[in-house]
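Trainee: Have a look at this one.
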Amino acid sequence: MTRAAFLLLTVVSAGVAASAADIPLGERKSGYDFMAPETRAMQDDDTANPAMLWVLDGETLWQRREGSAGKSCADCHGDARTSMKGVAARYPAFNAARARPVDLGERINICRTEQQRATPLAFESKELLALAAYIGQQSRGMPIEIADDARMRPFLQAGQDMFTGRQGQLNLSCAQCHDDNWGQKLAGAAIPQGHPTGYPLYRLEWQTLGSLQRRLRNCLFGMRAVSYPYGAPDYINLELYLMWRARGMRVETPAVRP
Amino acid sequence: MLAAAIASFADDATSQEQVRPYTVIGDAIPESLTGAKGDAERGRGIVVNRQVGLCLLCHSGPFPEEKFQGTLAPDLKGTGARWSEGQLRLRIVDASRLNPNTIMPPYYRTEGLTRVAPAYQGKPVLSAEQIEDVVAYLATLRDERAP
């Protein structure tokens, strides 16, 4: 193998370049680890976890025939407990027809419009969150594994640039809080490392289930930065980078957060 | 009346003024941004307000009544003993002139920022008057010991 080819391979397998401030893989912690014991107990016990109501709805929706094709998710995919196992752990995934990655919510809507011939579900709607929570639950405990091949790299890089660049009136970057200052208190609240391990999740502050995009808007709002419209490619890139940053960590969906 | 209420709400969210020129000498801005001395009591109100000063997101300080304070930055007690008013002014106006990697937001700068939310575009975080009030307040924090 020529030296150039070898170098190229190394770069490909390393995904995006790790920066000096990256958290060492072994020191990564889920948001769960920063929570009070009562909140952890809520997530640990399915009968106390309010997000399980959405999972139950999702299970019903999985079976329901929709759209002019009159097909349910189950008609194509069968039992979600086997066919959807591990799926959420590898999203956002590359979509060849679109030549870009799509996240799980967008993937669900692609099936709705193209297979079921139904209208897409609105972002943050009860139905979309319920299906995403139900599908996500099938990957609980499995390690996050994002494809970081040549097709994905430009999107990963864009997500990393957004994570490390300063933005907003307060001139902060995501990395300043989540890489450099995790574990510190921001106005009394612990700053987590910002891993997307539990979405969609029940946030006590929201009093409802919400997507990762909704969570990202909360941080952007705090930074006094422009928030993108739901579904914007910028969010998908950022979600992709966050999932890559959390590679190997366990899926907790549907989690609970303060 | 409704229009007036909305206008005043917009007014106190951020200042409407442009950034005025100032002169940095060494690590300080010796001259008041407004030409007048600030009001320390108003300054305290700005520092503890989580929508206006935002200081306690990151800093702690001698505010026993404030339950939720930050640990990302030095405690504010004793800052008046450590720094002159001019030094405090520069640290609030634009701390990145002293430490390019600082996490402390530039409170009186509108240039060189990216993706600022529309409501805040072209506006500094605090007005010149508010900065003078904060400087006047910090200058009174002369006790380095715990409150």
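Trainee: Just to be sure before I move on: is A:Cys111 open to solvent by 70 Å² or more (accessible area, probe 1.4 Å), among the hydrophobic types (A, V, I, L, M, F, W, C), modelled with pLDDT of 95 or more and part of a helix (DSSP H, G or I) in the structure I sent? Full working, then the answer.
Mentor: Values: open to solvent by 70 Å² or more (accessible area, probe 1.4 Å): no; among the hydrophobic types (A, V, I, L, M, F, W, C): yes; modelled with pLDDT of 95 or more: yes; part of a helix (DSSP H, G or I): yes.
Against the criterion (open to solvent by 70 Å² or more (accessible area, probe 1.4 Å), among the hydrophobic types (A, V, I, L, M, F, W, C), modelled with pLDDT of 95 or more and part of a helix (DSSP H, G or I)), A:Cys111 does not qualify.
Trainee: In addition: Do we find that A:Asn218 is at pLDDT 95 or above and in contact with a Gly (Cβ under 6 Å, 6 or more places away or on another chain) in this structure?
Mentor: Details: at pLDDT 95 or above: yes; in contact with a Gly (Cβ under 6 Å, 6 or more places away or on another chain): no.
Criteria not met by A:Asn218.
Trainee: For B:Ser60, indicate whether it is of a type outside the set (Asp, Glu), modelled with pLDDT of 95 or more and under 15 Å from the mean Cα position of the chain (by Cα). First the steps, then the outcome.
Mentor: Numbers: of a type outside the set (Asp, Glu): yes; modelled with pLDDT of 95 or more: yes; under 15 Å from the mean Cα position of the chain (by Cα): yes.
Judged against the criteria, B:Ser60 is a match.
Trainee: Enumerate the pairs (first residue in region A:180-198 and farther than 19 Å from A:Gly141 by Cα; second residue anywhere and assigned to a strand (DSSP E or B) and open to solvent by 20 Å² or more (accessible area, probe 1.4 Å)) with beta-carbon separation below 7 Å, excluding pairs fewer than 6 apart on the same chain, so at least 6 apart or on different chains.
Mentor: A:Gly183/A:Ala190
Trainee: What's the number of the only condition in (1) within 30 Å of A:Asp179 (Cα to Cα); (2) within 14 Å of another protein chain (Cβ to nearest Cβ); (3) of a type outside the set (A, V, I, L, M, F, W, C) that B:Ser127 fails to meet?
Mentor: B:Ser127 satisfies every listed condition except (1).
Trainee: Another question, if that's okay. Restricting to region A:180-214, give me the number of residues that are away from chain B (no Cβ under 11 Å) and either under 18 Å from the mean Cα position of the chain (by Cα) or at pLDDT below 95 (or both).
Mentor: So the first thing to find is which residues in region A:180-214 are away from chain B (no Cβ under 11 Å), and the list is A:192-214.
After this cut, where a residue has to be either under 18 Å from the mean Cα position of the chain (by Cα) or at pLDDT below 95 (or both) as well, the list is A:192-203, A:206, A:208-214.
So the count comes out to 20.
Trainee: Additional query: Would you point out which residue out of A:Arg245, A:Arg153 is in contact (Cβ under 8 Å) with a residue 24 or more places away in the chain and surrounded by fewer than 19 Cβ atoms within 10 Å (Cβ to Cβ)?
Mentor: Numbers: A:Arg245 fails: surrounded by fewer than 19 Cβ atoms within 10 Å (Cβ to Cβ).
Residue meeting the stated conditions: A:Arg153.
Trainee: Quickly run through region B:46-80 and pick out the residues that are within 13 Å of chain A (Cβ to nearest Cβ) and over 18 Å from B:Ile131 (Cα atoms).
Mentor: B:Ser60, B:Phe63, B:Glu66, B:Lys67, B:Phe68, B:Gln69, B:Gly70, B:Thr71, B:Leu72, B:Ala73, B:Pro74, B:Asp75
Trainee: Across region A:24-47, which residue is most open to solvent (accessible area, probe 1.4 Å) among those that are of a type in the set (A, V, I, L, M, F, W, C) and either closer than 19 Å to A:Val251 by Cα or modelled with pLDDT under 95 (or both)?
Mentor: From region A:24-47, those of a type in the set (A, V, I, L, M, F, W, C) are A:25, A:34-36, A:41-42; that's our starting set.
Next, only the ones that are either closer than 19 Å to A:Val251 by Cα or modelled with pLDDT under 95 (or both) stay: A:25, A:34-35, A:41-42.
Details: A:Leu25: 95, A:Phe34: 52, A:Met35: 14, A:Ala41: 54, A:Met42: 56 Å².
Per the stated criteria, the residue is A:Leu25.
Trainee: Take the residues in region B:93-123 that are part of a helix (DSSP H, G or I) and of a type outside the set (A, V, I, L, M), then tell me which one is nearest to the other protein chains (Cβ to nearest Cβ). Explain how you work it out, then say what you get.
Mentor: Going through region B:93-123, the residues part of a helix (DSSP H, G or I) turn out to be B:93-97, B:118-120.
Filter again for of a type outside the set (A, V, I, L, M), leaving B:94, B:96-97, B:118, B:120.
Working: B:Asp94: 10, B:Ser96: 7, B:Arg97: 13, B:Pro118: 7, B:Tyr120: 4 Å.
Going through the qualifying residues, I end up with B:Tyr120.
Trainee: Does region A:66-108 hold any residues that are in a strand (DSSP E or B) and in contact with a strand residue (DSSP E or B) (Cβ under 8 Å, 6 or more places away or on another chain), and which are they?
Mentor: Within region A:66-108, the subset in a strand (DSSP E or B) is A:66, A:71, A:93-95, A:100-102.
Within region A:66-108, A:Ala93, A:Phe94, A:Asn95, A:Arg100, A:Pro101, A:Val102 qualify.
Trainee: Right, another one. Looking at A:Glu66, A:Glu59, A:Glu38, can you tell me which residue is of a type in the set (Asp, Glu) and touching a residue at least 60 places away in the same chain (Cβ under 8 Å)? Write out each step before concluding.
Mentor: Numbers: A:Glu66 fails: touching a residue at least 60 places away in the same chain (Cβ under 8 Å); A:Glu38 fails: touching a residue at least 60 places away in the same chain (Cβ under 8 Å).
Criteria check complete, one pass: A:Glu59.
Trainee: Looking at B:Pro30 and the list (1) within 14 Å of chain A (Cβ to nearest Cβ); (2) assigned to a loop (DSSP other than H, G, I, E, B); (3) surrounded by fewer than 17 Cβ atoms within 10 Å (Cβ to Cβ), which single condition is not satisfied?
Mentor: So B:Pro30 meets the others, but not (1).
Trainee: Of everything in region A:188-219, what is surrounded by fewer than 18 Cβ atoms within 10 Å (Cβ to Cβ) and over 21 Å from A:Asp234 (Cβ atoms)? Give them in sequence order.
Mentor: A:Gly188, A:Ala189, A:Ala190, A:Leu204, A:Glu205, A:Trp206, A:Gln207, A:Thr208
The values are calculated or read from the model by the stated rules, or taken from the named source; none is laboratory data. Only a predicted model underlies this, so the values are computations on that prediction, with no experimental measurement involved. All Cβ positions, glycine included, derive from the backbone under ideal geometry; neighbour counts span all protein chains shown. Accessible surface is based on the protein model in full, side chains and every heavy atom, while ligands, DNA and RNA are left aside. Shrake-Rupley method; radii C 1.70, N 1.55, O 1.52, S 1.80 Å.
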